[in-house]
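In what follows, a single structure is set out as structure tokens and then discussed.
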4 protein chains.
Amino acid sequence: MIRAAIVGGSGYTGGELARIVCRHPKVTLEAMTSRQHPGVKISKVHPFLQGFVDLRFDEKIGGAADCDLVFVATPYGASMDIIPDLLERGIRVIDLSGDYRLGDAGVYRKWYGIEHKDLGNLATAVYGIPELFRSEISKAPLVANPGCYPTCAVLSLAPLFAEGLAEGKVIVDAKSGTSGAGMEPTKSTHHPNCGANVIPYKVGSHRHTPEIEMALGKLSGGQTEVVFTPHIVPIVRGIFCTSYATLSRELEHDDLYSIYQKFYAGSRFVRVNSIPSIPSVVGSNFCEIGYEFAGNGNVVVMGAVDNLVKGGAGQAVQNANVMFGIDEATGLDFPGLGV
Amino acid sequence: MIRAAIVGGSGYTGGELARIVCRHPKVTLEAMTSRQHPGVKISKVHPFLQGFVDLRFDEKIGGAADCDLVFVATPYGASMDIIPDLLERGIRVIDLSGDYRLGDAGVYRKWYGIEHKDLGNLATAVYGIPELFRSEISKAPLVANPGCYPTCAVLSLAPLFAEGLAEGKVIVDAKSGTSGAGMEPTKSTHHPNCGANVIPYKVGSHRHTPEIEMALGKLSGGQTEVVFTPHIVPIVRGIFCTSYATLSRELEHDDLYSIYQKFYAGSRFVRVNSIPSIPSVVGSNFCEIGYEFAGNGNVVVMGAVDNLVKGGAGQAVQNANVMFGIDEATGLDFPGLGV
Amino acid sequence: MIRAAIVGGSGYTGGELARIVCRHPKVTLEAMTSRQHPGVKISKVHPFLQGFVDLRFDEKIGGAADCDLVFVATPYGASMDIIPDLLERGIRVIDLSGDYRLGDAGVYRKWYGIEHKDLGNLATAVYGIPELFRSEISKAPLVANPGCYPTCAVLSLAPLFAEGLAEGKVIVDAKSGTSGAGMEPTKSTHHPNCGANVIPYKVGSHRHTPEIEMALGKLSGGQTEVVFTPHIVPIVRGIFCTSYATLSRELEHDDLYSIYQKFYAGSRFVRVNSIPSIPSVVGSNFCEIGYEFAGNGNVVVMGAVDNLVKGGAGQAVQNANVMFGIDEATGLDFPGLGV
Amino acid sequence: MIRAAIVGGSGYTGGELARIVCRHPKVTLEAMTSRQHPGVKISKVHPFLQGFVDLRFDEKIGGAADCDLVFVATPYGASMDIIPDLLERGIRVIDLSGDYRLGDAGVYRKWYGIEHKDLGNLATAVYGIPELFRSEISKAPLVANPGCYPTCAVLSLAPLFAEGLAEGKVIVDAKSGTSGAGMEPTKSTHHPNCGANVIPYKVGSHRHTPEIEMALGKLSGGQTEVVFTPHIVPIVRGIFCTSYATLSRELEHDDLYSIYQKFYAGSRFVRVNSIPSIPSVVGSNFCEIGYEFAGNGNVVVMGAVDNLVKGGAGQAVQNANVMFGIDEATGLDFPGLGV
């Protein structure tokens, strides 16, 4: 059994990690920390875990000391204080914050507004989308789990970029459920404001922009310009990304379908359909992808994921499976709710 | 023209009052106060009022000094500090807090947890549901504007109690939109919590319970026991009350319909239908009422109002119209959105 | 392995049954029928089952011939045409329609408007709430799976009635997600009508009324009068029942808590909390229950279930587990989504 | 008084027209037709109009015979059968279908799939966005009221195109409330499908694409390529358009603000804010517009309207006001609900 701990477990991502890990046949949840709720029963903060997780929150990660694997679900800036020590002790780490995603200290400073303190691990951390970077993940001591939006956008655009089929900039227009905003009540998630509304935010300045650019760049081998706009829509779980790319050569609709199918052959959690559906993926680790042509080489690519599962905790567990050499679907092989 | 001011205008009720008053043909909005936003343009806090209200918030009610009418939309406890002085200056007052609704200092203490400081006005304030107490309102210097839930519950049950047709206790099961919770983000109105949920609150202990009992008692001339449970449902505007009463004598469905129709004849804002509809009343001052028999003398009475209009600001303006002797529908005579 | 088939599998209940059964470690899904979609891939009608269920719909239940267990998810009226033959062949049957719930042909005729054709099995069918009737279910060839509303209402009221603590009538005010209305678009589930609305329906005349009365009567040994009002609220999954009962003797809040805890000791899927939460149970087979006192012996009992799981397919699988003598949580032991 | 009729009044647009016209101080509603509900009281089909509209639906437009103005709210294809005769009789017509918007019979055939039968009027009909084409509308016997999406997209992009500030193609990613889908229940508007979902439709092939291209072309004097994707989001009223354009020259954020302000100076119903808000415009004829820069000359322009008011009936009334030479805000000068 793989002995795992979750650091920073009181938020939605922490709860979701526990929800998945507690049923995982090859992972045991040994400890979970929360600076906000030390000593409190985890199932008090996450009541849906009553009967599944019987631990209390630790204040510090001491409890994680003899684990094989630590999921770090603290906010960005805090992760890089915790992770070097864990790695030194030989523990495999999956970081769910943004601290290790961008690979470059300058880009990190520009978008996160602070200095990176762990340049060595920043340089070697592996970006964790298993469908795209499975082999590197399998050998990595530290995996940077992607953001929810980049997971959805990059998976839906990957075949175009990996096969050199896209040219020029890409527009990513994303619609997210409110759980992506976290557990703390805010003006944007106040129901009278968002319950019958569509709320864009950080337009032209969201941190997931360079992350999408970096990931697509890894695939294409070049630079990609991304214009990214996230919106909050009145659903709780789910992200839908509508992306606009330009084909670099003429293609039939079916040809592209074959390219997508081939690209994702063997990837349990990616489904290429005509139109992706959020309810089909909610509660699951699946990503649905579809596309339509819009004349003149314009292609509209669509993707849907559950932001807390494939866009967060589920992908983290999938990465863990790959890192420990077990079937990547272990503990994740259940369908979405459908309705 | 009636010169009006709004004290405590930065919340949803204040914004709604301004939205209605700014179009009222016989009332002018002279001033609006906010301790939170003194000096700020009102249309900055309530952006939908751009082009309609060009004032700035005053800090104090000095600006209300030479008004004919003041709407007090401060929280309970604060209203009774402000109102005595206004009344002494001969200004008519409509209080939208709970301070003057219950009529009795002991009941107030029990349910609001504080001592009442203005016993004289508490005793003489008139409870402001115009359809039921029009004549007293027309002579009152101070009207206590009802709570949103009591407006809906009492209007839908009134004919039964006024005509002596109900016996025993009444159950009021209410479902409210989230705007009733006010402008401040809270755990209950955080979209991930409430967006796909039904959240009961203050079960068995909500302050509107004695208010409903009092109002029904005024109509029946006796005492009424009310069990009241409010729930938040994921809509923004609107209240739906399902009330359960027992008939004191046998009645045909049509007989009761006639009784309701006759009771509300001449009441512009009450519609007796089979099943009330929130969209039919949203944005308007209408209350829709319906009922069904459930065997053994059980009658299920239903009502729907827009909590911010008939359940708040609209009814306040209707009360003002009655107090100043003008048609009670003035400035309020528009239909709901319907969809 | 238990070989199972689903008859009438193209609706939401059928899809949910397949979603659960396909992961059940001791049940295999052998066949699924649909008169609407014979020959069509099941995962075409239920796209979230892609990769999990690779069968096609059969037109007739021939495929179910050599099964050990059949879930019948056809509409009421159709089930009683199918079930006698299955039982004669020695197959265990769980009927998810209303055909076998009420036990009495006269009551059935009154509420369903048609004559019952299978009086023998109607008389012996066992009502399938395992927490209440586990022992009878374990021996039954035919289990009548309860309605979604009765499951929620009866579980939350059961300790009061089984222990003789309630007197007089009970009011059940239920709020349901729209998936309870089924897959066919209707006026009530048209989003512009229901998306910002609370819609009561069949007030005083819903078929689940006698079902709740019957189940509570089984527990109390007497007759119970139930007034039941279902409402559609704008959520997809989940039922919340607020029930109003009168205590037959004085009780402290904690005493009743002990009674509830004791009553449900050993029942994996019932949680007694202060306030039940729909998100805590969505996607799971759990029922959450809570209550508050409202003075004068009034008690407000609340319950929450996922209407498609504990209120439908999940409970059916739980019944199957009990019928086949395996742990009742097998294949169902996962937590709700929580958010 | 202007005597008006509505042809095809049983849908949402018809109801909304009646809702606005019934309060218009200079227009009287003389007749309303419906082939579906001839002889039925209008307030039976549109219950929110009880007390405001006391007419019954006519089957045919005979009743419109002696009107000054007819709003035609029939489906496309039907309008062009009705309108020539009305125009011949000297009646001013506002067509809310798509029949007269595109100006060109070939483009019409391509996108609507049928032959146009009224080429003369097609050529002379004026496209009715008053803020952009006020002068032509004032002289027009026939105005083609724009689609809901084009109203929102074109108003938000107009200053860029009229001032020659945009180059290359434009992406319009639109999110619409479900009322835009009309009164008939469909799979897409079935709440279990759309209530927690984002549903794109007619990707790359929606009829409003050429309409947006045509309108932007009128402003720029050239050709514009538009990629347009509409999505249904789970709100009832409101459209939010996020559009992606490329600036043809460098501009400061404030410069563009001045350009927008100047362009819409004197336009009562357009507000240039930072981020548009659907609740601010719901129930009103306002359009809110905002924009942000996204680096490299990319500009993200956002717009919000109530699809049934500024995106439909409200704009039709505004057009009528311009056609009859009265203040364009007459009967429309009320704020949005705000919350």
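Read-outs throughout are calculated quantities, based only on the coordinates presented, and are distinct from any laboratory measurement. Note that the coordinates shown come from a computational prediction; the quantities given were computed from them, not determined experimentally. Cβ: placed from backbone, ideal geometry, glycine included. Neighbour counts: every protein chain shown.
At a glance:
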| quantity | calculated |
| --- | --- |
| Residues whose placed amide H lies under 5 Å from that of D:TYR291, excluding near-sequence neighbours | D:MET302 |
| Averaged over D:20-27, number of beta-carbon atoms from partner chains that fall within 10 Å | 1 |
| Peptides ranked, highest mean first, by Cβ atoms within 10 Å: ranges A:177-186, C:282-291, C:148-157, B:33-42 | C:148-157, C:282-291, A:177-186, B:33-42 |
| Across the identical copies, how the A:SER205 labels are spaced - nm, sorted shortest first, 7 Å along Cα→Cβ | 4.1, 4.4, 5.9 |
| Protection-proxy order for peptides B:17-23, D:110-116, A:314-320, D:250-256, each taking the mean of Cβ atoms within 10 Å per residue, highest first | A:314-320, B:17-23, D:110-116, D:250-256 |
| Cross-link reach list, aspartates and glutamates versus A:LYS262, counting only Cα pairs under 16 Å and skipping chain neighbours closer than eight places | A:GLU131, A:GLU163, A:GLU252, A:ASP254, A:GLU288 |
| Surface/4 estimate of mean projected area, convex hull on alpha-carbon atoms of the range C:149-307, nm² | 9.3 |
| Charge tally in the Cβ shell below 13 Å around D:GLU30, where Lys, Arg are +1 and Asp, Glu are -1, D:GLU30 excluded | -2 |
| Unit charges on C-beta of K, R, D, E only; dipole of chain C, Debye | 740 |
| Candidate aspartates and glutamates - alpha carbon under 13 Å from C:LYS187, same-chain residues fewer than 8 apart omitted | D:GLU184 |
| The range D:236-293 pair-distance distribution - Cα-Cα, 10 Å bins, rounded % | 20, 50, 26, 4 |
| Mean Cβ neighbour count within 10 Å, used as a protection proxy, ranking B:75-82, B:158-165 highest first | B:158-165, B:75-82 |
| For B:ALA123, label point 7 Å along C-beta direction: distances to other copies, nm | 7.3, 8.5, 8.6 |
| Which of C:SER267, C:ALA78, C:ASN193, positive extreme of dipole for chain C (C-beta unit charges) | C:ASN193 |
| Estimated vicinal HN-Hα couplings, Hz - the range A:138-146 in sequence order (Karplus 6.51, -1.76, 1.60; Gly, Pro = x) | 4, 10, 8, x, 10, 10, 8, 6, x |
| Between the range C:258-301 and the range C:89-138, the alpha-carbon center distance in angstrom | 27 |
| Rg ratio (alpha-carbon, reference 2.2 N^0.38 Å) - the range A:77-125 | 1.06 |
| The protein assembly as shown shape via C-alpha gyration tensor axes, a/c threshold 1.5 | rounded |
| Of A:LYS60/A:LYS310; A:LYS175/C:LYS175; B:LYS139/B:LYS218; B:LYS110/B:LYS202, pairs whose Cα-Cα distance is over 20 Å | A:LYS60/A:LYS310; A:LYS175/C:LYS175 |
| For the range A:8-46 versus the range C:155-193, the gap between their alpha-carbon centres in whole angstrom | 33 |
| Peptide-level mean, for C:41-53, of C-beta atoms on other protein chains within 10 Å | 4 |
| Cα shape, the range A:87-225, gyration tensor, a/c 1.5 rule | oblate |
| Degrees, to the nearest 10: D:12-21 long Cα axis against longest axis of chain D | 80 |
| Chain A, rotation onto B, residue closest to that axis via Cβ, with its distance in Å | A:PRO185, 2 |
| Test item: Cα-centred dipole of the range A:149-307, Lys/Arg +1 and Asp/Glu -1 on Cβ, debye | 500 |
| Cut-off 14 Å between beta-carbons: net charge of the residues surrounding B:VAL172, Lys and Arg +1, Asp and Glu -1 | -1 |
| Per-selection metrics, chain C (Cα): Rg and Dmax in Å | 19.2, 61 |
| Inter-chain shielding of B:310-323 (mean C-beta neighbours from other protein chains, 10 Å cut-off) | 0 |
| Whichever aspartates and glutamates have a C-alpha closer than 15 Å to that of C:LYS26, once near sequence neighbours (fewer than 8 apart) are set aside | C:ASP68, C:ASP327, C:GLU328, C:ASP333 |
| Shape call, the range B:168-255: gyration tensor on alpha carbons, a/c limit 1.5 | prolate |
| Neighbourhood charge, 13 Å Cβ-Cβ cut-off, centred on D:ALA304 and excluding it, Lys, Arg +1 and Asp, Glu -1 | +2 |
